[in-house]
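Step one of this worksheet: look at the structure below.
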Amino acid sequence: MIDDEPFVRKLLIHQLGRMGFERVQACASAQEALSVLEGGGAKPELIFCDLQMPEMDGVEFVRHLVRVGYEGGLVLVSGEDERVVQTAAKLARAHNLKVLGALTKPVSIETLKQILAGDVAQGPAQGHKERKTYSAERLRCAIADGELVNYYQPKVEFASGAVAGFETLVRWRHPQDGLILPDQFIPLAEESGLINELTRSVLRTALRHARAWGDDGYALQVAVNVSMDNLVSLDFPDFVERALGEAGIAASGLLLEVTESRLMKDPLTPLEVLARLRLKRVGLSIDDFGTGHSSLAQLRDIPFSELKIDRGFVHGAWRDASLRAILEASLGMARQLGMKTVAEGVEDREDWDFLRNSGCELAQGWFIAKALPHDQIADWIADWEVRRPTVVEFRS
């Protein structure tokens, strides 16, 4: 327990004692706590740290926790502005520390109980696990040999709960390493010039699966992610049109989700490509809006038909004033521009109820479903139809 105010230390120790914590060590400064951590004894399982302290503040102390390899839980305590506390918590999580939450002074025992109740669900700190890297040639072979597979995450209507479509999420089914997530190979594809080959393979497969769902009675829109690097090829609209024709899918059945992970050297070619795609009636979605290089300038210059609000602004917005302000502004702007709105990262009932009440149109996230292999889609839809009446029940 680290706090330079004696009263706060005594209060927290008393509250923790009422909750069954009998071994609590109080420290009046970060330096004192650091001496304990570096003393060679047993490391604490949980640290409560005030942010505003003389000589060494809580943010600096977080850096030292990383240095000494602390793996227990961390709760930040502060009387500072809520956004300052959020920034400190985000910094600590970026260092792979297990941040259980933040307490504002004066600390209420109800809030303390809520934070500690989440300790079990948080799991251990991830540590710094080194990820395996792959060569461009190995990825090229994977594309050619059909090792890339499509998974699909549902998008459903908030108002009715009806399934509106699926977002395609590519995975690499490596024969030795198992299922590899895209953040381990998409940057490689972009850097090595393989992104066009990869995207076109994913798109053809997605359209083939969409046609199969349609034949089974599920006429659903399929979304495919495209990098801005895909859009420097002037023939891309013609390729998309051919792929739609080969699969027997109407242009309205395809949505391209545009993610700009890197600034473009030539902004004119992508504008031409995107304008031609819209003329062909292919839908365009601005993905992860509010992050990376996605910006208001893109909304001004590109005829997007859909705006996807990044999960970082969605999950927990019901309890966070800053997230709520950004979310509501994004929804209002999209409505004025005549764009559909999709909330990514709808993870729980509270997210669902808040977004539905806010007027967002489509939901995507683990509250609905994780990404699924194509052969599980029909079973999931059947299960969702049973669950849907309970999910869409309105709660103000």
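The values are calculated or read from the model by the stated rules, or taken from the named source; none is laboratory data. Because the structure is a prediction, the values reported are computed rather than measured. Don't worry about glycine lacking a Cβ; one is built from the backbone with ideal geometry, like all the others, and counts go over all protein chains shown. For accessibility, only protein heavy atoms count, side chains too; no ligands or nucleic acids. Shrake-Rupley method; radii C 1.70, N 1.55, O 1.52, S 1.80 Å.
Hey, what's the chain come to in accessible area per residue, 1.4 Å probe, Å²? Intermediate results must be reported in sequence, preceding the final value.
Working: 19860 Å² over 396 residues.
In whole numbers, the chain has 50 Å² accessible per residue.
Between the beta carbons of Asp183 and Gln336, assuming R0 = 30 Å, the FRET efficiency works out to 0.35 to the nearest 0.05.
Per-residue extension of 0.36 nm, minus the Cα-Cα distance of Glu22 and Ser233, leaves a gain of 69.4 nm for this segment.
With N the number of residues in the stretch 323-396, Rg(Cα) / (2.2 N^0.38 Å) evaluates to 1.22.
Would you mind getting me the FRET efficiency between Glu5 and Ala94? Use the beta-carbon distance for r and R0 = 30 Å, nearest 0.05.
On the way: r = 28 Å, r/R0 = 0.93.
Efficiency, rounded to the nearest 0.05: 0.60.
Using a probe radius of 1.4 angstrom, the carbon and sulfur fraction of the accessible surface of the chain is 52%. Couplings for the stretch 203-217, taken from phi via the Karplus curve 6.51 cos²θ - 1.76 cosθ + 1.60 with θ = phi - 60°, read 5, 4, 5, 4, 5, 5, 5, 4, 5, 5, 4, x, 5, 8, x Hz in order; Gly and Pro are left as x.
Got a sec? Charge dipole of the stretch 308-348, +1 on Cβ for Lys and Arg, -1 for Asp and Glu; which of Gly338, Ala317, Leu327 is way out at the positive end? Farthest along the dipole direction, towards plus: Gly338.
About the Cα centre of the chain, what is the dipole size in debye to 20, counting +1 per Lys and Arg Cβ and -1 per Asp and Glu Cβ, all else neutral?
So the magnitude is around 340 debye.
Distance between the pseudo-spin-label points of Glu347 and Ile302 (7 Å out from Cα toward the beta carbon): 2.7 nm.
Share of antiparallel DSSP beta bridges in the chain, in percent to the nearest 5? Of the beta bridges lying entirely in the chain, close to 30 percent run antiparallel. With the simple model of a label 7 Å out from the Cα in the direction of the Cβ, Ala329 to Gln52 spans 2.5 nm.
Which of rounded, prolate, oblate describes the stretch 1-104, given a ≥ b ≥ c as roots of the alpha-carbon gyration tensor eigenvalues and a/c under 1.5 marking rounded, otherwise prolate only if a/b is larger than b/c?
Values: a/c = 1.35, a/b = 1.08, b/c = 1.25.
Rounded is the answer for the stretch 1-104, as its axis ratio a/c remains below 1.5.
The orientation-averaged projection of the convex hull spanning the C-alpha atoms of the chain amounts to 22.7 square nanometres.
Between the stretch 143-210 and the stretch 1-78, the C-alpha centres lie 44 angstrom from each other. Which angle from 0 to 90°, rounded to the nearest 10, does the C-alpha axis of helix 82-94 make with the longest principal axis of the chain? Tilt relative to the chain: about 80 degrees.
Mean sequence separation of contacting Cα pairs (under 8 Å, at least six apart), scaled by the length of the chain, corresponds to a relative contact order of 11 percent.
Taking amide H as placed 1.01 Å from N in the peptide plane, Phe158 has its amide H under 5 Å from the amide H of Leu362, Ala363, each at least 5 places away in sequence or on another chain.
As a test of the formula, what do you get for the chain when each DSSP H run with n ≥ 4 contributes -39,500 (n - 2.57) and the sum is divided by the residue count, at 222 nm and rounded to the nearest 500 deg cm²/dmol? Let's see the in-between values first.
Numbers: 15 runs with 165 residues, N = 396.
Estimated from H runs of four or more residues: -12500 deg cm²/dmol.
Each residue of the stretch 228-240 is assigned a 3J(HN,Hα), and the resulting list reads 4, 5, 5, 8, 8, 8, 5, 8, 4, x, 5, 4, 4 Hz, derived from the Karplus form 6.51 cos²θ - 1.76 cosθ + 1.60 (θ = phi - 60°), x at Gly and Pro. Note that the stretch 267-272 has calculated 3J(HN,Hα) couplings of x, 6, 4, x, 4, 5 Hz, one per residue in order, obtained from phi through the Karplus relation 6.51 cos²θ - 1.76 cosθ + 1.60 (θ = phi - 60°); glycine and proline are x.
Among the lysines of the stretch 252-396, pairs that are 8 or more positions apart or on different chains and have alpha carbons within less than 25 Å of each other number 6.
Full extension of the chain between Arg63 and Leu279 gives 72.5 nm of extra length, using 0.36 nm per residue less the Cα-Cα distance.
Take the Cα of Asn357, step 7 Å toward its Cβ, do the same at Arg138, and the gap between the two points is 4.9 nm.
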